[in-house]
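The structure under discussion appears below in the form of structure tokens.
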Amino acid sequence: MVLELKTNEPQPTTITRENIYQDVTPFERWLFQVAREDPVRARRLLVEWVDTLPAYDGPEDGSDVVPPGSPAPIRIPEYWWTPVHFQPGGFANPKIIRLSYISREQYTFTREDVIREQLSTLYAGMSPRRILDAGTGTGTSAFVFAELFPDAEVIGIDLSAPYIRFAREWAERRGLTNVKFYQQNAQETVFESDSFDAVHFAYVLHEMYAEDARKILRELFRLVRPGGMLSMFDGVYPDTEEEREAKRRHGKMVGAEPFLGEYMDLNVEKAIADTGFVNVTRHLAVPDGMVVTARKPN
């Protein structure tokens, strides 16, 4: 497919599985600008451009990406099929990886330098031996954990089989042997109870119905050992109802965040406490996210 571009607009670089790790290109930076200024055109351009990208596909049942001995296919919750962030085909699209990879620079807590700074502070003085990164996406947070704690076993899970395939390739490219990636539904994993010293997620719960978010929090509570830690980077929960209603309206208007109203109704910090976690603490909040930690009682 040939993109319909004007002569004064940047031309796309051909992206392959060999050069997919390169920095954002002038065309991609321009495309983000179009998304802000002309969302209708941006959606069309995204569809055309994503169609040219390499596919991270595999067996239809995902049998190549589930944990050893786990049944395949896994159960995919309803919310996951709802398009978000204008992504053509949503997270199931095997060609969407490059778009997510370069989007890491668009949000505070998807930037690797920020993730490293925050996690090294939150986990200072700790030596977790087993860490779960839920909703790992392209794997960035899992990689940071693996590098911060080289003696730990780090496991990243995601609903998207294409993301798991990419994260595995990226881990090999980075030379990391203490991180593994599997396709799992974070609401109902195959892992044993009390088997992780730390569980983490980034920008996950605002992408689903509030009840699905509660199910994930209950599962993470089951998985983390007594005394273990939960850490999260996700959207800000504003202090006033007026601000929360503005977020609800914005989510509906923009269309890229269809579940933002559900997230405002969730009140994630209260939901974490309701699950059974204690010492729920907000450490930092910026316009596009906040940092929260909690502990599972001994």
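The table below lists the values:
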{"read-out": "Hits in region 88-102 (condition: assigned to a helix (DSSP H, G or I) and either surrounded by fewer than 18 Cβ atoms within 10 Å (Cβ to Cβ) or in contact with a strand residue (DSSP E or B) (Cβ under 7 Å, 6 or more places away or on another chain) (or both))", "value": "G90, A92"}
{"read-out": "Boolean, V47 is aliphatic (A, V, I, L, M), more than 23 Å from the chain's Cα centre (by Cα) and not in a loop (DSSP other than H, G, I, E, B)", "value": "no"}
{"read-out": "Residues that are in contact with a strand residue (DSSP E or B) (Cβ under 6 Å, 6 or more places away or on another chain) and buried (at least 18 other Cβ atoms within 10 Å of the Cβ), drawn from region 182-194", "value": "Y182, Q184, A186"}
{"read-out": "Any hit, region 247-258, residues being in a strand (DSSP E or B) and either more than 21 Å from the chain's Cα centre (by Cα) or surrounded by fewer than 19 Cβ atoms within 10 Å (Cβ to Cβ) (or both)", "value": "no"}
{"read-out": "Enumeration of residues in region 131-168 that are among the acidic types (D, E), out of contact with any Gly (no Cβ under 9 Å at 6 or more places or on another chain) and closer than 18 Å to P68 by Cα", "value": "E153"}
{"read-out": "Test: L31 is more than 22 Å from M208 (Cβ to Cβ) and either modelled with pLDDT of 90 or more or not in a loop (DSSP other than H, G, I, E, B) (or both)", "value": "yes"}
{"read-out": "Cβ-Cβ under 6 Å pairs, at least 6 apart or on other chains, region 94-117 side without any contact (Cβ under 8 Å) to a residue 24 or more places away in the chain, far side part of a helix (DSSP H, G or I) and crowded, with 19+ Cβ neighbours inside 10 Å", "value": "none"}
{"read-out": "Selected residue (criterion: nearest to Y21 (Cα to Cα)) from residues of region 149-181 that are surrounded by fewer than 23 Cβ atoms within 10 Å (Cβ to Cβ) and among the aromatic types (F, W, Y)", "value": "W170"}
{"read-out": "Selection count where residues are among the small types (G, A, S) and either in a helix (DSSP H, G or I) or crowded, with 18+ Cβ neighbours inside 10 Å (or both), scope region 104-135", "value": "3"}
{"read-out": "Residue among T140, T136 that alone is in contact with a strand residue (DSSP E or B) (Cβ under 7 Å, 6 or more places away or on another chain), on the phi < 0 side of the Ramachandran plot and hydroxyl-bearing (S, T, Y)", "value": "T136"}
{"read-out": "Residues (touching a Pro at 6+ places or on another chain (Cβ under 9 Å) and either touching a residue at least 60 places away in the same chain (Cβ under 8 Å) or not assigned by TED's automatic domain parsing to the domain that holds T110 (or both)) located in region 161-190", "value": "A161, P162, R165, Y182, Q183, Q184, N185, Q187, V190"}
{"read-out": "For M264: the one exception among (1) under 24 Å from Y123 (Cβ atoms); (2) touching a Pro at 6+ places or on another chain (Cβ under 9 Å); (3) surrounded by 18 or more Cβ atoms within 10 Å (Cβ to Cβ)", "value": "(1)"}
{"read-out": "Count of region 263-298 residues which are in contact (Cβ under 8 Å) with a residue 40 or more places away in the chain, closer than 21 Å to G251 by Cβ and in a helix (DSSP H, G or I)", "value": "5"}
{"read-out": "Test: residue in region 71-87 that is in a helix (DSSP H, G or I), touching a residue at least 40 places away in the same chain (Cβ under 8 Å), surrounded by 16 or more Cβ atoms within 10 Å (Cβ to Cβ) and out of contact with any Ser or Thr (no Cβ under 9 Å at 6 or more places or on another chain)", "value": "yes"}
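For every residue, the table says whether it meets (1) out of contact with any Phe, Trp or Tyr (no Cβ under 8 Å at 6 or more places or on another chain); (2) within 22 Å of Q106 (Cα to Cα); (3) at pLDDT 95 or above.
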| residue | (1), (2), (3) |
| --- | --- |
| G228 | no, no, yes |
| E242 | yes, no, no |
| G251 | no, yes, no |
| A273 | yes, no, yes |
| V280 | yes, no, yes |
| K296 | no, no, yes |
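The values are calculated or read from the model by the stated rules, or taken from the named source; none is laboratory data. Bear in mind the structure is a predicted one, so any value in this text is a computation, not a measurement. All Cβ positions, glycine included, derive from the backbone under ideal geometry; neighbour counts span all protein chains shown.
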